[in-house]
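The values are calculated or read from the model by the stated rules, or taken from the named source; none is laboratory data. Treat the numbers as computed from the prediction; the structure is a model and nothing was measured. Ideal geometry is used to build each Cβ from the backbone, glycine not excepted, and the neighbour counts take in all protein chains shown.
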């Protein structure tokens, strides 16, 4: 099994590998920094569906928009706008 995500001009490819044991996704988060607010909000909302939001999207001292969530599969994400 695999997945392919198109992010702008970049293709992010993923594999589930050996799935005999329950997956555990601890100790890391994926960072997705996008070009504008609309793209960041769309990505954040789609990833948050069925998951949990730890930090809603909002301005920070390091980015005009940034938020953190865990998706429905237990993967942690940091989403924001690139400076």
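Just for region 19-36: of the residues that are closer than 12 Å to residue 8 by Cα and in a loop (DSSP other than H, G, I, E, B), which one is modelled with the highest pLDDT?
Looking at the filtered set, the residue picked out is 36.
Any idea how many residues of region 53-72 are under 21 Å from residue 5 (Cα atoms) and either touching a residue at least 40 places away in the same chain (Cβ under 8 Å) or part of a strand (DSSP E or B) (or both)?
5
Being in contact with a strand residue (DSSP E or B) (Cβ under 6 Å, 6 or more places away or on another chain), part of a strand (DSSP E or B) and surrounded by 13 or more Cβ atoms within 10 Å (Cβ to Cβ) is the requirement here; does residue 47 meet it?
Answer is no for this residue.
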